[in-house]
Amino acid sequence: MTATTISAIESAAPPVTLPKLLSGQKALVTGASSGIGKAVATALGQAGADVVVNYVGNAAAADAVVEDIRKSGAKAYAHQADVSSEEEVAAMFTKMMQDFGTIDILVSNAGLQQDSAFPDMTLAQWNKVLSVNLTGQFLCAREAVREFLRRGVVPSVSSAAGKIICMSSVHQQIPWGGHVNYAASKGGIKLLMESMAQELAPQRIRVNAIAPGAIRTPINTSAWQTKEAYAALMTLIPYGRIGEPEDIARAAVWLASDHSDYVVGTTLFVDGGMTLYPGFATGG
Ligand code: BGC
C-alpha cells in the first residue's frame, strides 16, 4: 500500500449533503460543544431542526456550534447545564419549553472517561463517570418523555411523539480493562435504552442508541494522534480508517427522522467493524 493510499484512507468521512429530514423539529443535544455532540448538533441543524446546544464548561466552543447551526438557517442557542444535576436538567428543559415550545428529539450524548487500573480506581472516578454517562441520560430522557407524553404525536411534524437517541459505545458490548467505570456506564445505557423503548413504544416514543467505535475526538487523542497509535488502532478496525464525528452525526439524523420510523429499541453500531472480533479474521 502506498503512502498516498494510506492518507486517503485516513481522511474524513465522504462528504454528503444532508436532506432537510427534520424541518420544524426541536432538538436538544447534550455535550454538544465538542466531538460527537458538536457534529450531531450541527448535522441536526443542517437537516432543518432547531437545536439547543448543551455544554458544561466551554461557552465559547458552544457559541461557535450555535453560529454554525444558524448559518444553515435553523434556530439555535447554547445552554450550560451539568446533565448529572436534576435541578440543572429541569431548568434546561424549562428554558427550552419557553424558547422553542417543545422538544421532538433528544440526543443524550454528554459523556466522559476517567480511566484507571482497577485496583487504583477511586470512588470519585467511579461516581463521576456513572453520574454523567448514565444518570445524566436518565434525567434528560425523563424530562423529554414527560413533554412527549404531554404533547403527543403531531402528524405534520413527525409520525412519532418523540425520539430519543442514547449515545452509547462499542463498550456496551466489548469489555474494556482499565476503563471499568466507562464500560459499566455504557452497559447500563444499553438496558436503560431497551427498557425505556419497550415501555414507551406504545406511546409512539422511539428510543434507540448509537454505539460509536473509535471516533476522532478529544476523548481518545492518545488512540490516534501518533502514527504508531493509529497503526495499533487499525488492528482493531476492519474497515481501515478511524471514524469521524460526521459518521455518527449522519446516523443520528437518520435515527431522529421518520425514515427510521419502525426502528425501536435498536443499537446502531457505527464502528467500522470494531465489534466483529477482527482478531478472528486470521486467528482462532
Ligand atoms: C471511547 C474511546 C475509544 C472507543 C473505542 C469509545 O467509547 O470513548 O476512547 O477509542 O470507544 O475503543
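The values are calculated or read from the model by the stated rules, or taken from the named source; none is laboratory data. Please read these numbers as outputs of a predicted model, since none were measured by experiment. Cβ atoms come from the backbone with ideal geometry, glycine included; neighbour counts cover every protein chain shown. Side chains are part of the model used for accessible areas, which takes the heavy atoms of the whole protein and leaves out ligands, DNA and RNA. Shrake-Rupley method; radii C 1.70, N 1.55, O 1.52, S 1.80 Å.
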*asked:* Against the conditions (1) open to solvent by less than 10 Å² (accessible area, probe 1.4 Å); (2) in a helix (DSSP H, G or I); (3) closer than 24 Å to TYR262 by Cβ; (4) more than 16 Å from the ligand (Cβ to nearest atom), where does CYS140 fall short? Just the number, please.
replied: (3)
*Looking at (1) surrounded by fewer than 16 Cβ atoms within 10 Å (Cβ to Cβ); (2) farther than 18 Å from TRP126 by Cα, can you tell me which one GLY178 breaks?*
(2)
*Starting from residues that are among the polar types (S, T, N, Q) and surrounded by fewer than 16 Cβ atoms within 10 Å (Cβ to Cβ), keep the ones in segment 223-259 and report whichever is nearest to GLU199 (Cα to Cα).*
THR235
*Count of residues meeting criterion [out of contact with any Ser or Thr (no Cβ under 8 Å at 6 or more places or on another chain) and over 20 Å from VAL157 (Cα atoms)] in segment 252-278*: 11
*From the list VAL157, VAL145, VAL153, which residue is in contact (Cβ under 8 Å) with a residue 40 or more places away in the chain and either outside any loop (DSSP other than H, G, I, E, B) or within 16 Å of the ligand (Cβ to nearest atom) (or both)?*
VAL145
*State yes or no: is LEU200 more than 15 Å from the ligand (Cβ to nearest atom) and either buried (at least 21 other Cβ atoms within 10 Å of the Cβ) or outside any helix (DSSP H, G or I) (or both)?*
yes
*Considering segment 203-224 alone, what residues qualify as being in a strand (DSSP E or B) and within 9 Å of the ligand (Cβ to nearest atom)?*
ALA211, PRO212, ILE215
*Among the residues of segment 260-271, is there at least one that is surrounded by fewer than 16 Cβ atoms within 10 Å (Cβ to Cβ), in contact with a Gly (Cβ under 9 Å, 6 or more places away or on another chain) and either of a type outside the set (D, E, K, R) or without any contact (Cβ under 8 Å) to a residue 60 or more places away in the chain (or both)?*
no
